[in-house]
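J.: Please see the structure below; I have some questions.
Laboratory data are not the source of any read-out in this text; all were calculated from the coordinates shown. Computed from a prediction, not measured in an experiment: that's the story for all the values here. Using ideal geometry, Cβ is built from the backbone for each residue, glycine included, and neighbour counts are taken over all protein chains shown.
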Amino acid sequence: MPHKAAYIISLKFSPGLKKEFEVLGENIRKNGVEVKYLVSKNYSRLGEVLRNVEYIETKDSISGLIFDTFKYLNCKKIMPIFCENPPVFVCFYNPHTINPNLAHLIKKNFGFAILSLYLHDPYKPDKSPYGLAKGIYISLAEFIQGLTVKYMDYVISPSEYSAMLFRTKHLNFKGQNYIAPLLVPDQRVMGSKARKYFSIVGGAHLATGHDSFIELVNYVAEKNINCEFALISSNNLSAFLDKLTEKGKNILKVINKKIITDSEINEVMRESYAVFRLDREVTQSGVIPVSCMNGTPVIARDIPGLTQHIKHEYNGYITSLICTPADLVKGMDYVKEHFSELSRNARKSYEEIWAEWNFDKYYGWLIELLNKQL
């Protein structure tokens with residue numbers, strides 16, 4: 001008789017989320033439930049093999065998502081996986097055009113299965129900072145998420161602010177909404193590293209404030225302020241790097257490639273006085289837990305998606321939404337002067353909120369449900 005299993009599904013490739021959905025899956029496994037991963041084949045490029053994994057060929061561009069929708073319209077290539085190990089619990093971890101139809105078929109064929117969606121970004125009220133093309137993509141993702149939510153028993157939000165946006169967008173959701181912050185494995189390396197950078201990490205876009213970051217680098221170089229910077233992103237950076245002055249290039253370290261490992265990110269964060277989050281609009285940042293895990297404070301703009309976790313002069317520094325390079329330098333000076341205290345508090349924030357050992361605190365309801373199902 002086939003054994004029932006819990007499934008973690010991530011059909012859109014997002015390297016930064018792998019460690020998060022793996023923490024969820026492996027903690028479910030520790031509680032005695034077999035876990036299988038159904039993920040985009042692109043995750044195999046990370047070189048870290050998941051246990052009990054099934055890879056599905058998917059694409060990430062808008063045209064690719066449309067192609068995947070028709071390719072997997074009846075999910076004939078996917079559904080046999082669930083027949084071998086009937087799903088007792090399914091967690092969709094990323095928006096994808098396949099998700100709504102797949103969720104419908106699971107509900108239809110395995111009525112006992114508990115369906116959930118970990119919803120990072122339920123709704124962006126203001127899409128203007130992203131420009132027309134990216135704004136359309138975000139609207140498409142929100143539409144797909146809306147179709148998926150219809151089949152969900154539970155929606156898991158990473159923060160109070162995210163949950164509030166979810167309730168605003170999905171007034172008619174009949175299931176339950178739980179809050180469970182992004183859980184990150186402790187990859188801190190013991191021993192001191194010389195701090196020298198002020199860094200920005202992750203997706204590069206006008207909405208993420210990379211234009212402000214480049215303006216800051218040029219300003220610091222021109223004023224001959226003794227600082228170094230680092231920029232880490234897998235995105236095309238040419239539009240930003242082209243605006244660097246010659247003096248600015250001399251004080252900026254750039255790591256820019258398709259696949260950037262966690263160890264590369266952690267190393268730069270451990271060598272940084274602070275990591276910048278200069279977003280103009282965001283629900284929450286997955287960079288913040290990793291930065292705090294490394295004991296690195298965060299300098300952030302004053303918006304709800306950032307100030308919900310970064311407390312001014314406690315584990316970081318908050319600057320106004322509209323800020324000048326001089327304002328950011330003021331924050332940098334404060335961080336350098338109070339680094340030891342800010343670093344301790346950043347690490348404390350990680351341990352209290354995002355460390356994977358908090359799993360039972362956030363997911364006790366899920367383990368209780370699974371125990372009843374098996």
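J.: Between helix 62-71 and the chain, what is the angle of the helix's C-alpha long axis to the longest principal axis, kept within 0 to 90° and rounded to the nearest 10?
T.: 10 degrees
J.: Taking only C-alpha pairs under 8 Å that are 6+ residues apart, what is the relative contact order of region 102-240 in percent?
T.: Over region 102-240, the number comes to 22 percent.
J.: May I ask you to derive the relative contact order of the chain, considering only C-alpha pairs under 8 Å and at least 6 residues apart, and to give it as an integer percent?
T.: Relative contact order, the chain: 14 percent.
J.: Right, something else. Cut-off is 10 Å between beta-carbons; in what order do MET269, MET190, MET164 appear when sorted fewest neighbours first? Each step should come with its number before you reach the end.
T.: Numbers: MET269 25, MET190 4, MET164 15.
Sorted ascending by nearby Cβ count, the order is MET190, MET164, MET269.
J.: I'm checking a number: the convex hull volume of the Cα atoms of region 310-356, normalised per residue, in Å³. What is it?
T.: Working: hull volume 3.4 nm³, N = 47.
Convex hull volume per residue, Cα atoms: 72 Å³.
J.: Let me ask something else about it. Over the Cα atoms of region 147-290, what radius of gyration and what Dmax do you get, in Å?
T.: Gyration radius and largest Cα-Cα distance of region 147-290: 18.6, 58 Å.
J.: What residues qualify as long-range amide H neighbours of VAL53, i.e. H under 5 Å apart, gap of 5 or more or another chain, H built at 1.01 Å from N?
T.: TYR37
J.: Please report the equivalent ellipsoid semi-axes of region 137-186, computed as sqrt(5 x eigenvalue) of the Cα gyration tensor, largest first, in whole Å.
T.: Value: 20, 14, 11 Å, ordered largest first.
J.: Here's something else I'd like to know. With point charges of +1 on the Cβ of Lys and Arg and -1 on the Cβ of Asp and Glu, referenced to the Cα centre of region 246-336, which listed residue (GLY295, THR307, LEU328) lies farthest in the positive direction of the dipole?
T.: LEU328
J.: At most 14 other Cβ atoms within 10 Å and a DSSP loop assignment: could you name the GluC sites (Glu not before Pro) in region 14-61 that fit?
T.: Those that pass, being in a loop and sparsely packed, are GLU48, GLU57.
J.: Tell me, what does the Kirkwood hydrodynamic radius of the chain come to in angstroms if you use every pair of distinct C-alpha atoms?
T.: So the Kirkwood estimate lands at 21.6 Å.
J.: Scan region 305-374 for trypsin sites (Lys or Arg not before Pro) in coil per DSSP, keeping those whose Cβ has at most 11 other Cβ atoms within 10 Å, and list them by number. Walk me through the numbers before you get to the answer.
T.: On the way: sites: LYS311, LYS330, LYS336, ARG344, ARG347, LYS348, LYS361, LYS372; in loops: LYS311.
Passing both the DSSP loop test and the Cβ count: no residue.
J.: If one takes the longest principal axis of the Cα atoms in the chain, at what angle in degrees, from 0 to 90 and to the nearest 10, does the Cα axis of helix 359-373 lie?
T.: Tilt of helix 359-373: around 10 degrees.
J.: For a quick check, take a GNM of the chain with Cα springs below 10 Å and name the residue from TYR273, TYR137, TYR151 with the largest mean-square fluctuation.
T.: Looking only at TYR273, TYR137, TYR151, the largest GNM fluctuation is found for TYR137.
J.: Expressed as an acute angle from 0 to 90° and rounded to the nearest 10, what is the orientation of the C-alpha long axis of helix 18-30 relative to the principal long axis of the chain?
T.: Once rounded, the angle reads 50 degrees.
J.: Next question, about the same structure. Write down the radius of gyration of region 197-353 and its Dmax, each obtained from C-alpha positions, in Å.
T.: Values for region 197-353 (Cα only, Rg and Dmax): 14.2, 43 Å.
J.: Going through the cross-link list LYS12/LYS150; LYS41/LYS372; LYS36/LYS77; LYS127/LYS336, which pairs have a Cα-Cα distance over 25 Å in this structure? The partial results should precede the final answer.
T.: On the way: LYS12/LYS150 20 Å; LYS41/LYS372 33 Å; LYS36/LYS77 16 Å; LYS127/LYS336 34 Å.
Beyond 25 Å between Cα atoms: LYS41/LYS372; LYS127/LYS336.
J.: Looking only at GLY16, GLY295, GLY305, which one moves most when the chain is put into a Gaussian network model with springs between Cα atoms under 10 Å?
T.: Largest GNM mean-square fluctuation: GLY16.
J.: Still on this structure, please answer the following. Show me the ranking of peptides 249-257, 196-204, 122-130, 91-99 by mean Cβ neighbours inside 10 Å, starting with the highest. Display every interim value, and only then the final one.
T.: Numbers: 249-257: 14.8, 196-204: 21.9, 122-130: 16.4, 91-99: 24.8.
So the order, starting with the most tightly packed, is 91-99, 196-204, 122-130, 249-257.
J.: Relative to the Cα centre, what is the charge dipole magnitude of the chain, using +1 at the beta carbon of each Lys and Arg, -1 at the beta carbon of each Asp and Glu, and rounding to the nearest 20 debye?
T.: Dipole magnitude for the chain comes out near 740 debye.
J.: Something else about it: Long-range amide H contacts for PHE110: which residues qualify at under 5 Å (H placed 1.01 Å from N, peptide plane, sequence gap of 5 or more or a different chain)?
T.: Sorted by chain and number, the residues that satisfy this come to none at all.
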